[in-house]
């Protein structure tokens, strides 16, 4: 690959080779990925053999390098572009190819049937009837094109993954409880493309932006709320949804609590959930990339009886769980040292019994790490939404 | 080679810098010569003219459509200074003065403001598009604001098209 | 008597500053065709001696009576060319400039369009020049005295230089004592002299000098007037009733003094970068991560212990808050490399057994004796590692840290996470004490001074000098000068040098005794005046009044400042503003619109 064009496009000439990017890169310490030297080669070599850099697939697109670069270079964008080079030549890890194909055919990386996309709401437990009712109402709202103030974008993982489906249900129950009546896109909802872009499949991403963008605008909602920080990030920054307020659910829930539309009952002995000691893990796409640090904490602090303790590496120094940038579908090099292992150890060291997260990917990777590390007796991984739901969030009663 | 980052970008707003880039730079040269509006600017010596100098020393780029005439004060802009260029076929007139309260001559900019409002009434009455006349407060330290104003005004006038006076007069 | 215009046009290349974007030869040839133009030339530097000689020679040989110079802004060199023309007998007010640098070549990259624009600007200047009338240069007396804003080392240096000439210096300091930032430092580099040795005698001299008046806990609250005659109001600073941390402008309290002076010097210094804005470095999270200024304090106290223990590994992190676009501080702070070397050496002296490591991006040791000092620092065993520290955190399982929920000991070491770019390897470096070499920033309330004095600031937020090379202490406002770090980061020698330069520049008009003022005033044509007195209503200076005898308006040229408000207002068009007549301006319009 000739380096010059891409070097100019990405304005890599601003780089002073200080190494702040590689220094802060969470995977650089365990694999051979070194974004600074990649930039250096782009600057000084006329061509690059991209195939020789399989470590490109190690990047989690946490964007720590982008956030910290003192010269406004965007190192992670180089990785995305170089991945694009590999994708273009069809040289993609098999599992990634499958995920991309699933998105292309069924609108989700697992390749599950599109018509099953609403199964998350057709829940399996006691909330079955109610959840179904909600979903029906939501579907009616969008198909009838009637005024829909708030649109809930569920996302692929919450729609299909049985571990995450309860998070989506908890979210919808809580919104209903606070007097909000969100609509959804039902089975017409497709992958937001956040990870597609970061895997380097720019063509497919462009297509998704066009199709999803048109659909989202046609609903005419004023607010768009997502389960995942990844969907939130791409809608907010890469879709150009003018006039639509894009929110992560933690922002909306914190706002509802602040406005008194969502309150919690006094703690009772019966409800164990309320006596937990919780530490919170900042997801990269919510924290570092969007500076949303306070809202998730505000929610946790509003739950009576719940005690929040902090890890040393928090907020801007949060450690990536390694679930982003397509890494849910490709292992990368060095399987032994997972960042998630290190992360759950850090969480356990705080003495917390619960590790709260606000991202489906973080929930999956960290829960897996808790099991592998044998910490399941000590530490439970829960989404903030699950905690809110379990602690009996209830609507504020208007007099 | 294909360029994923770039393909992805038109639809996205990840780089606000991209959006802020003046359109005259971003757009590729089209085969049709673009309409290039002529703007005559009357700038007060103390604030806006110095602000325009600052845009220069800061190397802030803006379209070359503006041609500057230095005056001591925006309050000395005679209505004929505005009318003549418009009748002669200029596409816009920019008057630049100090921010309210900052006039070197105490109140010249207030005079300019009142006079411009009245002048716009007259222009409207005479069937001349009064939106072609802009009055802006730009201080000596606002080089960027000057460049932005010229860029914005050029775009605005390009959108609007040539001053009809150009052709009418020619006939 | 009407002179037939004989105009010479001179187009300047300004090296490549103009020539790179404008086809200079082409516009000069085009200018030769303009009406009234006798000769048109281009030259590499018109402001140089040969450039000026060219003008003078043409005036003699071609009998020129008007000169048009197309070069930089008239704010830059109008005076130069007026003086040159005057030497050959051309009235200085018959020199006109076309601003084709600041307002053309520097702001447009498209050469053909920039050339077209430059041609129009020159045509406009020629059209005006042809109609220019000779005027008489006027001067006003100046009020001796200088107000100096800021009582740090720069301000005190200026005050003493002014006072030593016998003129009054008024030193305004918002804090309770003089000395500024330098008073917070321990020793200087590269001489390692205690700062108090140089600062205390300076403060004593300022306080004892009969010509220096010091205003402590004071600020400048109001400024009126222009070069030679400023009226400056001094008020109390930070008085009761004003919330701390609020708008600095609102901190000015009751007026204390009204001063009349000829010049003003701004020496307001800098702010230190607050590393809470780089949260990845853990400042305030860990007591053993401190700023370099806090390190100075510790060096003054002679105490480097962390929780009672002598640190074994000390790390310095450079470029914190400097050279960083995301923080809005793209500039190099210029002092951190040297003070870090100084601190590293002092630490080596105090803790000979400790390992001292400096993490750097580049080492810039450019001051006199700087490189030698850096060499000496390394030879004394200070290690330099090329790495920009990306993150600082603490491992709970690290030695000295209690696991679990127990409160952590302050002395527990932290980990510096970085890439050693020379090894090409990510590293984790354990340190007992970390010093963040914080940079300099413009004062947070620089906007107050900016507004008060109408001073422009450069992109980095520091006050902007009139010319980076030729007028480094002047500002866009005549009679107002800059000294010290308010103009940009500087070490002590550079600050003092600039302060002394500012003092002598500020003294020029005071010693000369008078300054030239705007000669162009408004003039009434009595034949046309109907005596409506609307001019008297709009004149802010009471310069226009009806003549008792004739009942027509007359404008007092001494009071008139040439704003032109009356000329526009006059319903009979009986008033014109000299040097900016309607005829001249409309001729410019004609030339610009074609």
Fill in the blank from the handout: Once normalised by the length of chain C, the mean sequence separation of its alpha carbon contacts under 8 Å that are 6 or more apart gives a contact order in percent of 13
Handout entry: Nearest-ten-degree value, helix A:128-143 long axis tilted from longest Cα axis of chain A
Key = 60
Exercise for the section: Sticking with the crude label model, points 7 Å out along Cα→Cβ, report the distance from residue C:274 to residue C:451 in nm, one decimal please. Expected result: 2.0
Handout entry: For A:343, A:255, order by how many other beta-carbon atoms lie within 10 Å, fewest first
Key = A:255, A:343
Practice task
Quick one: work out the % antiparallel among DSSP beta bridges in chain C, nearest 5.
Solution key: 45
Exercise for the section: Tell me the label-point distance for the pair residue B:126, residue A:49, using the 7 Å Cα-to-Cβ offset, in nm and rounded to one decimal. Expected result: 7.5
Exercise for the section: From other protein chains only, count the Cβ atoms within 10 Å of every residue's Cβ in A:203-216, then give the mean. Expected result: 2
Handout entry: Relative contact order of region C:450-508, defined on C-alpha pairs under 8 angstrom at six or more residues apart (%)
Key = 26
Exercise for the section: Let me know the volume per residue of the alpha-carbon convex hull for chain A, in Å³. Expected result: 140
Problem - FRET efficiency estimate (nearest 0.05) - Cβ-Cβ, residue C:459 to residue C:362, R0 22 angstrom - result: 0.55
Exercise for the section: Any chance you could give the angle, 0 to 90 degrees and rounded to 10, that helix C:195-208 forms with the longest Cα principal axis of chain C? Expected result: 40
Fill in the blank from the handout: Rounded to the nearest whole number, the Stokes-Einstein translational diffusion coefficient of region C:11-68 at 37 °C and 0.692 mPa s (Kirkwood radius, C-alpha pairs) in µm²/s is 277
Practice task
Measure nothing but the geometry: give the 0 to 90° angle between the long axis through the Cα atoms of A:202-219 and the longest principal axis through the Cα atoms of chain A, rounded to 10°.
Solution key: 30
Fill in the blank from the handout: Cβ density ranking, 10 Å radius, fewest first, applied to C:422, A:86 yields C:422, A:86
Problem - Convex hull volume of the protein assembly as shown per residue (C-alpha atoms, cubic angstrom) - result: 228
Practice task
Would you please give the FRET efficiency between residue C:375 and residue C:79, computed as 1/(1 + (r/R0)^6) with r the Cβ-Cβ distance and R0 = 45 Å, to the nearest 0.05?
Solution key: 0.45
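Can you work out the FRET efficiency for the pair residue C:140 and residue B:99, with r the C-beta to C-beta distance and R0 = 25 Å, to the nearest 0.05? Mind dumping the intermediate values first?
Numbers: r = 27 Å, r/R0 = 1.08.
Calculated value: 0.40.
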Completion exercise
The extension gain from residue C:469 to residue C:193, computed as 0.36 nm times the residue separation minus the Cα-Cα distance, is 96.3 nm
Fill in the blank from the handout: When C:366, A:264, C:81, A:285 are arranged by how many other beta-carbons sit within 10 Å of their Cβ, fewest first, they go C:366, A:264, C:81, A:285
Fill in the blank from the handout: Note on the protein assembly as shown, DSSP bridge orientation, antiparallel percent to nearest 5 equals 35
Fill in the blank from the handout: On each of the three principal axes the extent of the alpha-carbon atoms of region B:36-162, given in whole Å and largest first, is 38, 33, 18
Handout entry: Inverse mean reciprocal Cα-Cα distance (Kirkwood Rh) of chain C, Å
Key = 28.1
Exercise for the section: Count, for each residue of C:360-370, the Cβ atoms from other chains sitting within 10 Å of its Cβ, then give me the mean as a whole number. Expected result: 1
Practice task
Go ahead and set up a Gaussian network model of chain A, Cα springs under 10 Å, then flag whichever of A:18, A:69, A:362 fluctuates most.
Solution key: A:18
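Where a number appears in this text, it was derived from the coordinates with a stated rule and is not lab data. Not measured: the values here are computed from a predicted model. Cβ sites come from the backbone with ideal geometry, for glycine too, and all protein chains shown count toward neighbours.
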